[in-house]
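Notes follow the structure.
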Amino acid sequence: LTILFGSNPVEEVLVAIYNLQSVQVFSKTFQNTTSTTIDLTGKSAGIYMVKVIADGVVSYEEKIVKE
């Protein structure tokens, strides 16, 4: 999973991934970056929610499907 934050580096952003039971399966804070890649190889197939949180506020939320 690749997430692009824009052309300007973000100072600090938290990326959290949850399964459909609202259990957090991934969480990491990234600093001074314009993008990141998250390896979901060890996760089960299914639907997940990705939340990008900047300054304590959810700035992006999307469902993804891992096959």
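The values are calculated or read from the model by the stated rules, or taken from the named source; none is laboratory data. All figures in this text were calculated on a predicted structure; none of them were measured in a lab. We place every Cβ from the backbone using ideal geometry, glycine too, and count neighbours over all the protein chains shown. Ligands, DNA and RNA are excluded from the accessible area calculation, which covers all protein heavy atoms including side chains. Shrake-Rupley method; radii C 1.70, N 1.55, O 1.52, S 1.80 Å.
Side notes on the structure shown:
- Take every pair of alpha-carbon atoms less than 8 Å apart whose residues are at least six positions apart; their mean separation over the length of the chain yields a relative contact order of 33 percent.
- With a simple spin-label model that places each label point 7 Å from the Cα along the Cα-to-Cβ direction, the separation between LEU4 and TYR60 comes to 0.9 nm.
- GNM result for the chain, Cα springs below 10 Å: residue of VAL25, VAL50, VAL15 fluctuating most strongly: VAL25
- Solvent-accessible surface (1.4 Å probe) assigned to THR34 amounts to roughly 50 Å².
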